[in-house]
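Here the structure is laid out as C-alpha cells; the discussion comes afterwards.
Each reported figure results from applying straightforward, stated rules to the coordinates on display, with no laboratory input. The structure presented is a predicted model; accordingly, all values stated were derived computationally and were not measured. Methodologically, a virtual Cβ is constructed for each residue, glycine included, from the backbone with ideal geometry; neighbour enumeration extends over all protein chains shown.
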Amino acid sequence: MEVKASLRYARITPRKMRLVANLAKGLPVEKASYQLNFCQKRGGKLMSTLLDSAIANAKEKGGIDMENLFVKRVMVDDGPILKRFMPRSMGRAFKILKKMSHVTIILDEAR
C-alpha cells in the first residue's frame, strides 16, 4: 500500500534537490532517514522532514508494516520562478532567477 507526502514551493533549485533525493531512493526508511540526517547539503534537512511526514502518514493510515517500509519513488519537479533584476554598469540589468521545487515522496511496503 503506497503512502505519499509532498513538499511544495521549496526555495531550492530542483537540480540541487535531485542530488539529495537520489540518496534516499530505493532505501528502507531507517537507512534513508539516517542518510538524509547526516547529508551536508541544504536539501538534506528538507528531505528529512518530508520523509518524516511520509512515515507519519503511513502510521496514521494504519495496516502498514513499518518494518518493511521503503522509499519507492522521489520526484522533484520545477516550481514557479521568481524573476529579479540586478543593476549593472552603464544602465544595464541582469536577470536573476530564483527557482523553486515541488518534491513528492512515495513509500511502499517491501513484498
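Exposure proxy check: SER6, SER48, SER89 ranked by fewest other beta carbons within 10 Å?
Working: SER6 14, SER48 20, SER89 5.
Arranged by neighbour count, lowest to highest, SER6, SER48, SER89 become SER89, SER6, SER48.
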The chain, dipole about Cα centre (Lys/Arg Cβ +1, Asp/Glu Cβ -1), debye to the nearest 20: 1160 debye
Tilt relative to the chain, helix 42-61 - C-alpha long axis, 0 to 90 degrees, to 10: 40 degrees
Value of [θ]222 nm, deg cm²/dmol, for the chain, DSSP H segments ≥ 4, -39500 (n - 2.57) each, nearest 500: -11500 deg cm²/dmol
Nitroxide proxy distance, nm - points 7 Å out along Cα→Cβ at ASN22 and GLU2: 2.3 nm
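Just want the ordering: ILE96, ILE64, from fewest to most Cβ atoms lying within 10 Å of their own Cβ. Let's see the in-between values first.
Values: ILE96 10, ILE64 19.
Taking fewest neighbouring Cβ atoms as first place, the list is ILE96, ILE64.
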Projected label distance in nm at ASP65 and LYS95, using a 7 Å step from Cα toward the beta-carbon: 5.2 nm
Normalised convex hull volume, the chain, alpha-carbon set, Å³ per residue: 89 Å³
Degrees separating the helix 14-24 axis from the principal Cα axis of the chain, which is the longest one: 20 degrees
